[in-house]
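> Let me give you the structure first, and then I'll get to my questions.
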Amino acid sequence: MNNFQKRVLTSLIALPLSIFFVVKGGYFLSFFLFFIFFVGVHETFTVFKKATTRLFLLLLLTLSILSIFYLGVSTDKSLFLLYFIIAISISSDVGGYVFGKTFKWKKLTKISPNKTFSGVFGSYFCSFICGITFDDLSGSSSYEFLLSDLTPVPEILLIIIFSTVAQLGDLIISYFKRLEKIKDTGKILPGHGGIFDRIDGLMFVAILGFVLYQFNT
């Protein structure tokens, strides 16, 4: 089984499980976040050697876990925003991977050799498709609010910001991995690597989403 097949198989198992725990909320969400935090802390101290890197990653991991927990348990609006954050982060990652592998345009940066301009385009493209879907959902009869009610930022700009932050988050974690001369932070997710490899962009977007939500409450 090649790396791509492992990646797809892992996604087919891990993604539905992750959605289940987030949607169920309560103790399910708490357990899920505690597990991610525990594995993330383990990766921080076993993979990264520099004290400053460890401190930054621990702070980032803690703030993102707390942000996700708060958004997941507060109100229907905050929960919907959390769904939106996760969906945009995943769409941005998937779009970048698929478009980058398919079109193989010019390399974006030496920090992460696999990142290409076609991947950047794919990230924004898939994020916009996802954002339009959520905008339609928030305007349906099932909800009493619009996507624009969740933060002080217009939805189109919010999609661009979240996708950009997700991509920058990916590059930042890639930078730290490059300093350690490693490809992945772990092996817990076959085809993907470690926890930090999978939630790199989501951590940054979750913190930003929490801050924006607070400005709107």
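The values are calculated or read from the model by the stated rules, or taken from the named source; none is laboratory data. Since the model is a prediction, treat every value here as computed from it, not as a measurement. Ideal geometry is used to build each Cβ from the backbone, glycine not excepted, and the neighbour counts take in all protein chains shown.
> Exactly one condition in (1) surrounded by 15 or more Cβ atoms within 10 Å (Cβ to Cβ); (2) within 17 Å of the chain's Cα centre (by Cα) is not met by F35; state its number.
(1)
> Of the residues that sit in the range 111-120 and are of a type in the set (A, V, I, L, M, F, W, C) and either more than 22 Å from I173 (Cβ to Cβ) or touching a Phe, Trp or Tyr at 6+ places or on another chain (Cβ under 6 Å) (or both), which one is modelled with the highest pLDDT?
Checked the range 111-120; the qualifying residue modelled with the highest pLDDT is F117.
> Quick one: which residue in L61, L108 is modelled with pLDDT of 90 or more and aliphatic (A, V, I, L, M)?
Every option except L61 fails the conditions.
> Going through the range 183-217 one residue at a time, which ones are touching a residue at least 24 places away in the same chain (Cβ under 8 Å) and among the polar types (S, T, N, Q)?
Matches in the range 183-217: T185, N216.
> For V120, indicate whether it is touching a Cys at 6+ places or on another chain (Cβ under 8 Å) and either among the β-branched types (V, I, T) or surrounded by fewer than 14 Cβ atoms within 10 Å (Cβ to Cβ) (or both).
For V120, the condition - touching a Cys at 6+ places or on another chain (Cβ under 8 Å) and either among the β-branched types (V, I, T) or surrounded by fewer than 14 Cβ atoms within 10 Å (Cβ to Cβ) (or both) - is not met.
> So, in the range 183-198, exactly how many residues are modelled with pLDDT of 85 or more and closer than 20 Å to T52 by Cα?
Within the range 183-198, residues that are modelled with pLDDT of 85 or more and closer than 20 Å to T52 by Cα number 4.
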